[in-house]
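The values are calculated or read from the model by the stated rules, or taken from the named source; none is laboratory data. Source: prediction; values computed, not measured. Cβ atoms come from the backbone with ideal geometry, glycine included; neighbour counts cover every protein chain shown. What goes into the accessible areas is simple: the full protein's heavy atoms, side chains included, and nothing from ligands, DNA or RNA. Shrake-Rupley method; radii C 1.70, N 1.55, O 1.52, S 1.80 Å.
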Amino acid sequence: MTDTTNNTFDFIVVGAGTAGCLLANRLSANPDHRVLLIEAGGRDNYHWIHIPVGYLYCINNPRTDWMFRTEPDKGLNGRSLIYPRGKTLGGCSSINGMLYIRGQARDYNHWAEVTGDDAWRWENCLPDFIKHEHHHRLDEGGDADPEHRDFHGHGGEWRVEKQRLSWQVLDDFAEAAAQSGIPRTRDFNRGDNEGVDYFEVNQRAGWRWNTSKAFLKPVRQRHNLTIWHSTHVNQLLFANDGTTPRCVGAEVVRNGETLRVGANREVILSAGSIGSPQLLQLSGIGPADLLAEHDIEAVSALPGVGENLQDHLQIRSVYKVQGVKTLNTIANSLVGKAKIGLEYALKRTGPMSMAPSQLCIFTRSSEGYDDANIQYHVQPLSLEAFGQPLHPYAAITASVCNLNPSSRGTVRIKSRDPRQAPAIAPNYLSTPEDRQVAADSLRVTRRIAEQPAFAKYQPEEVKPGLEYQSDDELARLAGDIGTTIFHPVGTARMGRDDDPMAVVDSRLRVRGVTGLRVADASVMPTITSGNTNSPTLMIAEKAAGWILSARSSY
Ligand SMILES: Cc1cc2nc3c(=O)[nH]c(=O)nc-3n(C[C@H](O)[C@H](O)[C@H](O)COP(=O)(O)OP(=O)(O)OC[C@H]3O[C@@H](n4cnc5c(N)ncnc54)[C@H](O)[C@@H]3O)c2cc1C
């Protein structure tokens, strides 16, 4: 191994994903800080990253995806899922659905309770969402209402736009939702997201807006910022002078060579909900029995590392429809495909500018809930599974997920080899409550589909199928048709000092060591009620503030 004393920085950020790109930007804003950002994937120069519909070609593609799979899952009737995670500059923000959703105020108030730190209350998170935001309704000539500025920002790096498309069948599904009693909303992001409307997206003029373009590109010229892509971090390095172990850098593989890089002040782990617990475990921070099983010397025995995995399981109902166009029928002919390509080439609009989902609904699966506990992603298309062809008939998909599942899974290394993927076991639908919400939410889908605005298309429930009616049947069917909506969180969760399963404290410092924080989706104690990208950016914004305000290393 080459020991490169020249490779010493003030801060090392591991992982140039959603959180890592923002952190590198903020930490290098002070020219006195030497910052190294390390990313295992390559540059984000693949054209399908930037054309919105290209997420279809980035998922399950080794050029942009880690190509993980879950363990066979009992709740999914033994199925194993592909489990995409972005492997390129921008991380998952380069391959995700671009949907901009913050969650609910109660999510963050709960984090504040769990950690005992009011910094996580909704009103104290709001400024960190707003800080980097550039919201279309606040543009000159935008249609912001007077309160909009209380909730949204303008002039930040993170662009939020309106979608550049419209579908009659989705307008009518939205009307059907309203007819079923769900209120219309114009903004999902003010703390209470109940309602129906089109999603807002992270795009700029019809192109994907990922965190690499937003936070890295404008500052790449900074002399104090070094970006190493195509560089795999094998493990974190610790100095132990008999007191508390201190994280002093990382071992990386770059251009085929194994190197050590040093950090004078802090290492910030932003490798995501799979990569961060994997790296902690490989570095001797994890459950004592797991470390012993792989003969890894314990630096800090923390039983919570890799536990508490939470994800949203989307249950995809498919409705065949009559007398209206969907993407299935348009894209199934050569002329249709050509028209779609031409529209995007000329105007950056239409299906190629499409995020994976267009219409959003937050509602309750049953009367017993005080707030929305399920979310819909509705699409004017249907297919058997991602990567497979569209069905040959006109159809829509109404995918519903339980926002606050009680099932918990794990991420555990399978060997000491840093190149070997860890075992990912989400344990979906493993609690009676989650199975009940799954069954009830399928009934809510049916109720919406029965309303006059949608019933006029004579919808036929192809999946799961009206022959299934009981709780047990619907929960089992949910296991057959359910799949990840790509939101793993919680595997290095924060908590109070006396919480044995907490991995980091409320300021994201790893327990039992110094010089190391985790700042990414893995620190969430509970999953947010919605999509997880913007909450992760908010976490990174907070972390950057805390790191910069610390006078020296702690
Ligand atoms: C297909 C898909 C669709 C999604 N759709 C949406 C959506 O529409 N809206 C939404 O809000 N959220 C969505 N999400 C979720 C959201 O994108 C993630 O929650 C968020 O990006 C997580 O950010 P992160 O910083 O925690 O991790 P990541 O963005 O995954 O960043 C981690 C980075 O660390 C790197 N890394 C990992 N291990 C190592 C290592 N050993 N060495 C060096 N580098 C390493 C990775 O390559 C990656 O770049 C989606 C995710 C996916 C995958």
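So what is Rg over Rh here for segment 1-134, counting just Cα atoms and using Kirkwood for Rh?
Values: Rg = 18.6 Å, Rh = 17.8 Å.
Checking Rg against Rh, the ratio lands at 1.04.
Give the Rg/Rh ratio for segment 400-464, taking Rg as the radius of gyration of the Cα atoms and Rh as the Kirkwood radius, to two decimals. Don't skip to the answer; put the middle values down first.
Working: Rg = 18.6 Å, Rh = 14.9 Å.
Taking Rh as the inverse mean 1/r over Cα pairs, Rg/Rh reads 1.24.
Holding the Cα-Cα limit at 32 Å, pick out from LYS217/LYS463; LYS162/LYS414; LYS74/LYS337; LYS87/LYS414; LYS213/LYS337; LYS87/LYS325 the pairs that are longer than that.
Violating the 32 Å Cα-Cα cut-off are LYS217/LYS463; LYS162/LYS414; LYS74/LYS337; LYS87/LYS325.
Just to make sure I understand: if all protein chains stay in place, what is the order of MET494, MET352 by accessible area at 1.4 Å, largest first?
MET352, MET494
What net charge is computed for the residues neighbouring THR532, neighbours being all others with C-beta under 11 Å from the C-beta of THR532, Lys and Arg scored +1, Asp and Glu -1?
Taking every Cβ under 11 Å from that of THR532, the sum is -2.
Could you list log10 I(q)/I(0) for segment 355-483 at q = 0.11, 0.14, 0.17, 0.18 Å⁻¹, which the Debye formula gives when each Cα is one point scatterer?
-0.47, -0.73, -1.00, -1.09
At 222 nm, what helix-only mean residue ellipticity would the chain give, in deg cm²/dmol to the nearest 500, using -39500 (n - 2.57) for each DSSP H run of four or more?
-7500 deg cm²/dmol
So what is the relative contact order for segment 256-388, in percent, with contacts set as C-alpha pairs under 8 Å and at least six apart? If you can, show how the numbers build up before the last one.
On the way: 105 pairs, mean separation 16.8, N = 133.
Over segment 256-388, the number comes to 13 percent.
So, for segment 83-151, what is the accessible surface per residue at a probe of 1.4 Å, expressed in square angstrom?
36
Compute the signed sum of charges (Lys and Arg +1, Asp and Glu -1) over the other residues within less than 10 Å, Cβ to Cβ, of ALA19.
-2
So what does the Cα-only Debye profile of segment 459-554 read at q = 0.12, 0.13, 0.18, 0.24 Å⁻¹, as log10 I(q)/I(0), no solvent term?
Debye curve over Cα of segment 459-554, log10 I(q)/I(0) at q = 0.12, 0.13, 0.18, 0.24 Å⁻¹: -0.56, -0.61, -0.85, -1.20.
How much accessible area per residue does segment 296-448 have, in Å², with a 1.4 Å probe?
Roughly 39 Å² per residue, with all protein chains present.
Helices from the chain with mean Kyte-Doolittle at least -1.0 and a Cα length along the axis of 20 Å or more, per DSSP H: which?
432-449, 533-549
Distance between Cα centroids, segment 193-238 to segment 68-125: provide it in whole Å.
16
Using Cα pairs closer than 8 Å and at least 6 residues apart in sequence, work out the relative contact order for segment 431-531, in percent.
About 21 percent, as a whole number.
Please compute, for the alpha-carbon atoms of segment 104-220, the extent along each of the three principal axes and give them in descending order in Å.
43, 39, 26
Given Cα pairs under 8 Å that are at least 6 residues apart, what percent is the relative contact order of the chain?
Values: 1357 pairs, mean separation 121.8, N = 554.
The normalised contact order for the chain reaches 22 percent.
Just to check, using Stokes-Einstein with a Kirkwood Rh over alpha carbon pairs, what's the diffusion coefficient of the chain at 25 °C and 0.890 mPa s in µm²/s?
103
Find out how many positive minus negative residues lie around ILE424, taking Lys and Arg as positive, Asp and Glu as negative, among other residues whose Cβ is under 12 Å from that of ILE424.
Summing Lys/Arg as +1 and Asp/Glu as -1 gives +1.
Could you state the accessible area per residue of segment 190-244 in Å², with a 1.4 Å probe and every protein chain left in place? If you can, show how the numbers build up before the last one.
On the way: 2370 Å² over 55 residues.
About 43 Å² of surface per residue is accessible.
According to a simple spin-label model (label point 7 Å from Cα along Cα-to-Cβ), what is the distance in nm between GLU71 and GLN388?
2.6
Whole percent per 10 Å bin, from 0 to the bin with the longest distance: what is P(r) over all C-alpha pairs of segment 202-323?
10, 28, 29, 19, 9, 4, 1, 0
When the accessible area of the chain is computed with all protein chains present and a 1.4 Å probe, what percentage of it is carbon and sulfur?
Solvent-exposed carbon and sulfur of the chain make up 48 percent of the total.
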